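Only one structure is covered here, and it is reproduced in the block below.
The values are calculated or read from the model by the stated rules, or taken from the named source; none is laboratory data. Computed from a prediction, not measured in an experiment: that's the story for all the values here. Every residue, glycine among them, receives a Cβ derived from its backbone with ideal geometry; neighbour counts consider all protein chains shown.
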Amino acid sequence: MADAENLTLGKALNTGLRRAMERDPKVLIMGEDVGKLGGVFRITDGLQKDFGDDRVIDTPLAESGIIGTAVGLAIRGYRPVCEIQFDGFVYPAYDQIVSQVAKLHYRSQGKVSLPIVIRIPFGGGIGAVEHHSESPEAYFAHTAGLKVVSCANPDDAYWMMQQSIESDDPIIFLEPKRRYWEKGPVNVDSASLPLHASRVARPGTDVTVLAYGPMVRTALDAATAAEEDGRSLEVIDLRTLSPLDMRPVYDSVRRTGRAVVVHEAPGNLGLGAEVAARVTEQCFYSLEAPVLRVTGYDTPYPAARLEEEYLPDLDRVLDAVDRSFGF
Amino acid sequence: MTRVKEFNLPDLGEGLTEGEILKWLVGEGDTITLNQPIVEVETAKAAVEIPAKWAGKVTKIFHPEGTMVEVGQPIIAIDTDPGAGDLPAPSAASLAAVEVAGDAPVEPGLIGGPAPGGRTAVLVGYGPKTTVAKRRPRAESASAPVQRPPVVPHEPATPPAPAPEPPTAPAPAAVPRNGAVLAKPPVRKLARDLGVDLADIEGTGPSGSITRDDVLGAKSAPPAAAARVPGEREERIPVKGVRKLTAENMVASAFTAPHVTEFLTVDVTRSMKALERLKGMPGWTDVRVSPLLMAAKAVLLALRRHPMVNSTWAGDEIVVKRYVNLGIAAATQRGLIVPNIKDAQELTTRELADAMTALVGTAREGKTPPADMTGGTFTITSVGVFGVDSGTPILPPGESAILAFGAVREQPWVHKGKIKIRQVTTLGLSFDHRVIDGELGSKFLRDIGVFLQDPEGALLAWD
């Protein structure tokens with residue numbers, strides 16, 4: 001097998017799922033149209049053909065039922081990987097997720113583990129209708145008992161998917177759907193990081209830009225553009241939203257003295273608020289400027305023709321960098 | 001228009017990002033016509049012939065057959081005016097000025113296939129863009145990226161104002177401070193580390209905030225400037241701890257015991273020589289000895305000869321102690337403390353030296369236990385270490401005498417009928433006149449002087 005294959009992020013997820021299914025017969029895939037169709041984004045493409053319809057299961061259009069069924073399967077020793085077709089469809093399952101998935105381990109005093117992965121294609125940028133472009137990560141990250149991660153590149157997609165399936169704790173796995181077709185190298189021999197670790201995606205010296213999922217690419221684009229201004233942006237891919245891995249963030253902010261957090265979700269009570277609070281608590285005397293947030297607006301996700309006004313882009317990141325230097 | 005144009009691999013309608021060069025249908029140097037098929041490219045979906053976008057002469061083929069090429073990469077360069085003569089060497093600028101070949105054939109896509117507007121087809125929605133993100137044009141040059149246009153409230157059109165100063169920060173004007181100091185955290189820390197009070201600094205930063213340079217400037221400002229600041233001409237120190245205790249004791253003592261102080265100046269040259277000899281004796285080489293040791297020894301011997309000095313006025317009786325708890329006044333960071341050496345009359349000279357060293361060391365570290373500071377019976381205060389000759393010490397409460405031991409100096413002195421340079425010191429003895437009369441006090445002080453003047457003689461005579 002080659003050291004590094006060039007795969008799209010979607011194909012890397014597909015390959016990661018395949019590896020996990022080959023390795024462990026208890027791994028199941030369930031969701032709407034994941035079997036015969038291979039998923040609306042083709043993430044489970046070919047898996048039902050190769051592993052059979054008792055391991056790759058087309059479910060009814062009932063998200064609460066998908067997750068409730070997965071809870072029962074997990075109690076009996078299976079490792080279900082549930083696909084929620086779009087971010088905005090997860091809310092019927094929200095009760096199952098926060099009331100059962102998040103609490104059963106605690107409720108049973110640790111006797112029962114729920115090794116469930118809930119895959120959610122999230123975020124906008126694909127010109128879709130409502131319910132199809134949301135960023136619900138804060139709802140889950142706020143809930144004790146759930147772990148929340150998001151991949152931003154094909155290598156992480158491949159490895160984080162497998163690491164999530166191997167985790168005995170329930171994982172909300174957020175996939176940046178607008179980046180499914182972006183290619184990148186995948187080292188299929190070894191994972192570069194454990195699941196719950198953030199990473200410096202691009203070293204820099206002047207400002208720390210924190211992002212995850214689809215916004216990592218945006219932050220990297222901003223860093224490239226900022227070079228023209230003579231500014232060196234350090235981009236950190238948070239990767240794990242709950243638990244947060246803040247150590248590399250603190251190290252970075254203590255060097256740069258400035259931080260900008262980027263996410264698509266609305267700013268009010270979003271992940272950026274938590275990150276800003278922690279950075280302020282831990283790096284107070286290093287901060288040359290307040291931690292700034294670049295986020296979606298506090299509105300419902302807009303109609304497709306307006307989404308580019310809503311989504312943070314590299315210009316908005318650069319504007320925040322400019323504002324940071326204004327202090 | 002550039003004469004030589006580079007043709008980039010277009011999006012071939014797959015919504016994908018690369019294609020394999022299957023076969024070149026033209027070669028370098030060939031003359032081609034518009035729309036002539038030039039290359040076969042295979043994508044994940046199909047092999048496609050790509051037509052020439054311009055007529056001209058092929059000057060360069062960038063990729064051999066069999067290579068994978070990213071969409072947007074140049075694959076061929078065509079000289080669109082080959083009759084115009086020789087070409088200049090290709091430059092980096094020619095690469096930068098590449099024209100993107102548009103109008104790639106679009107096949108209506110399945111998911112992941114192409115969609116109109118440079119997008120990838122999805123089941124729901126227009127699909128994500130496949131184009132590379134570009135920044136919007138910026139009004140200001142890259143050399144001044146920090147500056148942002150100031151937010152100006154709407155005003156009626158007035159005669160044109162003079163051009164505003166370029167802002168250096170979002171709120172450039174110095175805003176009058178209403179008590180609160182504005183400074184960002186690292187500047188606050190810098191000020192604290194340098195011992196600069198932010199309240200004394202006029203900020204020059206945004207909104208009148210204090211900058212790093214302001215703090216550094218205040219630090220290096222001449223002290224005269226600092227002295228003009230109101231409130232610094234006096235310093236108020238709360239009275240507490242050792243200072244408070246000392247004050248209470250001194251007042252109690254000064255206003256209850258009638259103090260008398262006598263002075264005696266003595267030639268201590270022989271004591272100093274004796275100390276030197278002591279340092280050379282076996283077992284003494286690593287012992288710290290000082291003139292204070294001689295004074296302590298003199299006091300202990302003199303107390304043996306005059307026990308009444310080692311006593312306490314207790315109102316209706318006088319308590320004469322048969323033990324000597326010898327207090328040594330020590331200046332420490334926390335103030336004056338007077339620890340004492342218990343039963344000093346029992347100690348050999350060597351033990352006395354060790355005890356004094358330990359006592360002062362412990363006091364300097366601030367670790368003197370309370371028991372060591374009570375129960376003293378006689379105290380020596382070694383004011384000589386401060387370079388002064390003597391003083392009129394106040395009695396520690398409960399004690400009847402205290403000796404001030406001054407600096408030992410070389411002075412002209414009449415010695416055996418001639419003026420010689422001798423080592424001389426002044427002793428000051430304060431005593432409680434309720435217990436000790438002038439005669440007793442004088443004899444006691446005199447004996448201390450005798451010992452310091454001739455320690456060997458005194459030892460032999462008094463033994």
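For region B:291-327, filtering for residues that are among the hydrophobic types (A, V, I, L, M, F, W, C) and closer than 15 Å to residue B:444 by Cβ leaves 13. Among the residues of region A:168-177, are any assigned to a loop (DSSP other than H, G, I, E, B), away from chain B (no Cβ under 12 Å), in contact (Cβ under 8 Å) with a residue 24 or more places away in the chain and touching a Phe, Trp or Tyr at 6+ places or on another chain (Cβ under 8 Å)? The answer is no, given that none of the residues of region A:168-177 is assigned to a loop (DSSP other than H, G, I, E, B), away from chain B (no Cβ under 12 Å), in contact (Cβ under 8 Å) with a residue 24 or more places away in the chain and touching a Phe, Trp or Tyr at 6+ places or on another chain (Cβ under 8 Å). Meeting the requirement of 3 or more residues that are more than 21 Å from residue B:349 (Cα to Cα), the strands (runs of 3 or more DSSP E) wholly within region B:389-463 are B:409-415, B:418-432. Exactly one residue among A:59, A:15, A:44 is surrounded by 15 or more Cβ atoms within 10 Å (Cβ to Cβ), within 14 Å of another protein chain (Cβ to nearest Cβ) and at pLDDT 95 or above, and that residue is A:44.
Here is a yes/no grid of residues against (1) closer than 23 Å to residue A:135 by Cβ; (2) crowded, with 17+ Cβ neighbours inside 10 Å:
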| site | (1), (2) |
| --- | --- |
| A:234 | no, yes |
| A:266 | yes, yes |
| A:278 | yes, no |
| A:288 | no, yes |
| A:295 | yes, yes |
| A:303 | yes, no |
| A:323 | yes, yes |
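Only a single criterion out of (1) of a type outside the set (Ser, Thr, Tyr); (2) in contact with a Ser or Thr (Cβ under 6 Å, 6 or more places away or on another chain); (3) within 14 Å of chain B (Cβ to nearest Cβ) is not satisfied by residue A:66, namely (3). Against the numbered list (1) of a type in the set (Phe, Trp, Tyr); (2) under 25 Å from residue A:5 (Cα atoms); (3) outside any loop (DSSP other than H, G, I, E, B), residue A:139 comes up short only at (2). The numbered conditions (1) part of a loop (DSSP other than H, G, I, E, B); (2) of a type in the set (A, V, I, L, M, F, W, C); (3) away from chain B (no Cβ under 14 Å) are all true for residue A:34 except (3).
In this structure, residue B:392 does not qualify as surrounded by 17 or more Cβ atoms within 10 Å (Cβ to Cβ) and of a type in the set (Ser, Thr, Tyr).
Out of curiosity, is residue A:185 within 14 Å of another protein chain (Cβ to nearest Cβ), surrounded by fewer than 18 Cβ atoms within 10 Å (Cβ to Cβ) and of a type outside the set (Phe, Trp, Tyr)? Criteria met by residue A:185. Evaluation of residue B:282 against the conditions (1) more than 22 Å from residue B:448 (Cα to Cα); (2) within 46 Å of the chain's Cα centre (by Cα) shows that the sole unmet condition is (2).
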